[in-house]
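Novice: Okay, handing you the structure first.
Values quoted throughout were computed directly from the atomic coordinates according to the rules given, and no laboratory measurement underlies them. Keep in mind that what you see is a predicted model, and the values were worked out from it rather than measured. Don't worry about glycine lacking a Cβ; one is built from the backbone with ideal geometry, like all the others, and counts go over all protein chains shown.
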Amino acid sequence: MRIDRAGLMGAGIVMAAIAAQVAAQGPATTVQQDFEAAAALDAKGDSTAALAAWTTLEARTKPGSRSRGIALIRKSAALFKLDRSDDAVTAARDGLALLPASDATLAEDRWRAYFDLGLIAQNALDYAGASVSFASAAAAADGASLKVAALLSLADTTTFTDPAAADAALAKVDALVRTAPADADVKALIARRRAILALNRGQYEQARTQAVEAVKFYGGMTSQTDSRDVSARSDAAIASLLAGKSEEARRYMAMTGAGRLSKGEFDPAVQMEVPACGGEADLRPADMAVVEFTIDNDGVVRGVSPIYAAGGGAVALEFARAVRDWSWTPEQTKSFPAFFRYNIRVEMRCSTAFERPSITKFLDADMAAWLESKGFALPVRERGADAAAIVGQRAALAAAEGKSGPTSLATLPPLYQLVGNAVVGREEAHELAQRAFAIAQANGAPPIALLPLDIRVRETESADSWKQGAYARAITPLLSKPGYAQNPQARSALQLLIADSTKSRSRRVAPLQAVADDKGLAANDPMRVGALIRLASLQQQAGDPVAARATFDRSGLAASQCAILDAPPRFLSAGGTFPDEARIWGFEGWTRTQFDVGADGKVLNERAVLSYPPFVFTKAGTQTVAGARYTKTFRPDGGVGCGGLSQNVRFKMPG
């Protein structure tokens, strides 16, 4: 068995049925000829010409016909390659609806549509939605290779949403491989999926064994390497290190090429922020993730995927979303080899400098309060329990529907929970949110209770909602709705969400200032506090500590971040050493550290928030900062003189 995606995309299906529809018209070319020409363009990789050809063919088929369905699915594949994800999703869904379920000859097209839908969702880091599509692709496949490809992708995404489902998918793969022997590349991929699943379950020795097997299937520890080898060896390095076999870990890491450029240096990005602790994902300082990504020639990050997380799958995906916003300059990318920019991995933690209150938690509380006034309870969400909770939530919805009807208020609590469940994919969440919003509106819910559902409807409309500016464009019109515009909490929540989704620092200021100055909010309202914290962070980053201090003081919070000091303590000296293991293997790298400074000038609470390569310099970076000394700062209580300071530490080999 060999999984060859390119070959699958170029495969054709005889279109005699389509040709029969228009034979009487006598066009210059037959539909069959048009189909073959479009398929040839697909095989050639000319997606723009293929899209035009499939669009023309679509117009020549009968509306509602099987033939129209096939053309739409092929058109969807071309749209996907051209990065037109929303159009691709629409064409795929429309095409699938026209394929007769009983027609076995259409299995490959059905598989193609579901598999592409899975890839689109996976690219958007909608792993729940991707899992649904990959499962459908596996069910549609009529051959072992297609089924295995779908199941391995399903295992990849469910590792971070539903590990039990990942186990089940890999068990099916094992059964298929027993009857249809796989080649070495497929065996390597199977071993890698098992390794990453075990890694995220904390089964480090099992992960190490599987990761080492994957390396062997790819040809072992030779000097010949490609991007697959790099990822497999990195898996083995991470698993070995976590299993307590540091020497083996360093050996595998050395053979990835990470930290060992033949020329140039891998510098941190010009835009490279870690997410703030707290926020919508409830990130905690102890949470950590390793994320993999590729840097294009233009410095844009592509192909972002989580590899490992201490804190759960939702944590892994949140860190991956942050990496999507990183940028290198084209000049930076020219300074290191193109091969090196593939499958880069970094270790990440959240920032405690300005922990952000969660906006959605406040909105959840408003919905819960309104439901309680109606005699219904909204169960509290437990962190990381979505995969286990979804079974009960679906059962509760079915029970409420059976007892009171599908549009009854009794269905709203389980609907609301399903809308926010991380295991529910984007498309299903969109339908559930629309339904929940209609029920809440019909029962007179106040604007602040309606708002979270209205937001969810809009943010799940598009497969590309993760792209820069898309989220803000989707929810900004809500500010014009009278119900929200006239409610201080509702309009403030919208402004905060818009600001958080905006990459440009200068564009964040206006919506944050609007909330901070909103006369309809109490001085200690959570929305105002959230806006002031964010504004103080921006002012500190802009080099205005006086304004940052004044803004933070308005929040009423007791804290001593560097941003609220007129003059942060002055750096005097640093300690630390170059790690012996890294020196032996010739590694170079860097960490970004975060720490507090006591009134006596000594460093406290040091931690690394970014490390490259993962785990190699994390300890050394924190030790370097721990040994640093700053000028003393007077504090009447003798407490922390400065909190949330950040410093990059570079490790470079002599000469």
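Novice: Where a Cα-Cα gap under 16 Å defines reach, which lysines qualify for residue 602, not counting those fewer than 8 residues away within the same chain?
Specialist: Residue 602 reaches 632.
Novice: Taking 7 Å along the Cα-to-C-beta vector as the label spot, tell me the residue 573-residue 49 distance in nanometres, rounded to one decimal.
Specialist: Once both label points are built, they end up 7.0 nm from each other.
Novice: Among 147/467; 81/467; 374/481, which pairs are too far apart, with a Cα-Cα distance over 23 Å?
Specialist: Over 23 Å Cα-Cα: 147/467; 374/481.
Novice: Multiply the residue separation of residue 441 and residue 105 by 0.36 nm, subtract the distance between their alpha-carbon atoms, and state the gained length in nm to one decimal.
Specialist: 116.4 nm
Novice: Separate question: In what order do 612, 218, 416 fall by count of nearby beta-carbon atoms within 10 Å, going from fewest to most?
Specialist: Starting with the residue having the fewest Cβ neighbours, the order is 612, 218, 416.
Novice: For the charge dipole of the stretch 29-164, defined by +1 on Lys and Arg C-beta atoms and -1 on Asp and Glu C-beta atoms about the Cα centroid, which residue among 128, 30, 82 has the Cα displaced farthest towards the positive pole?
Specialist: Farthest towards the positive end: 30.
Novice: Going by how many other Cβ atoms sit within 10 Å of their own, how do 622, 209 line up, fewest first?
Specialist: In increasing order of surrounding Cβ atoms, one gets 209, 622.
Novice: Quick one: if you stick a label point 7 Å off each Cα along the C-beta vector at residue 541 and residue 172, how many nm between them?
Specialist: Modelled inter-label distance: 4.3 nm.
Novice: Which FRET efficiency value, to the nearest 0.05, do you get for residue 650 and residue 251 by plugging their Cβ-Cβ distance into 1/(1 + (r/R0)^6) with R0 = 30 Å?
Specialist: According to the calculation, E is roughly 0.80.
Novice: Treating only the Cβ of Lys, Arg, Asp and Glu as charged (+1, +1, -1, -1), what charge dipole size does the stretch 5-192 show about its Cα centre? Round to the nearest 20 debye.
Specialist: That gives the stretch 5-192 a dipole magnitude of about 280 debye.
Novice: Related question: Under a point spin-label approximation (7 Å from Cα along Cα-to-Cβ), what is the residue 506-residue 467 distance to one decimal in nm?
Specialist: 2.4 nm
Novice: If the only charges are +1 at each Lys and Arg Cβ and -1 at each Asp and Glu Cβ, what is the size of the charge dipole of the stretch 97-255 around the Cα centre, to the nearest 20 debye?
Specialist: Its charge dipole is roughly 480 debye.
Novice: On a full-extension model of 0.36 nm per residue, what is the gain between residue 369 and residue 82, subtracting their alpha-carbon distance, rounded to one decimal in nm?
Specialist: Going from the current span to full extension adds 98.7 nm.
Novice: Taking the Cα centre of the chain as origin, sum charge times position over the Cβ atoms of Lys and Arg (+1) and Asp and Glu (-1), and report the length of that vector in debye to the nearest 20.
Specialist: Here the size comes out at about 660 debye.
Novice: Hey, can you rank 76-89, 543-556, 150-163 by average C-beta count inside 10 Å, highest first?
Specialist: Per-residue mean Cβ counts within 10 Å order the peptides as 150-163, 76-89, 543-556.
Novice: To continue, here is another question. If you stretched the chain out fully between residue 325 and residue 395, how much longer would it get, using 0.36 nm times the residue separation minus the C-alpha to C-alpha distance?
Specialist: Gain in length upon complete extension: 21.4 nm.
Novice: What percent of all Cα-Cα pairs in the chain falls into each 10 Å bin, going from 0 up to the bin containing the maximum distance?
Specialist: The distribution over the chain is 3, 14, 22, 24, 20, 12, 4, 1, 0, 0, given as percents.
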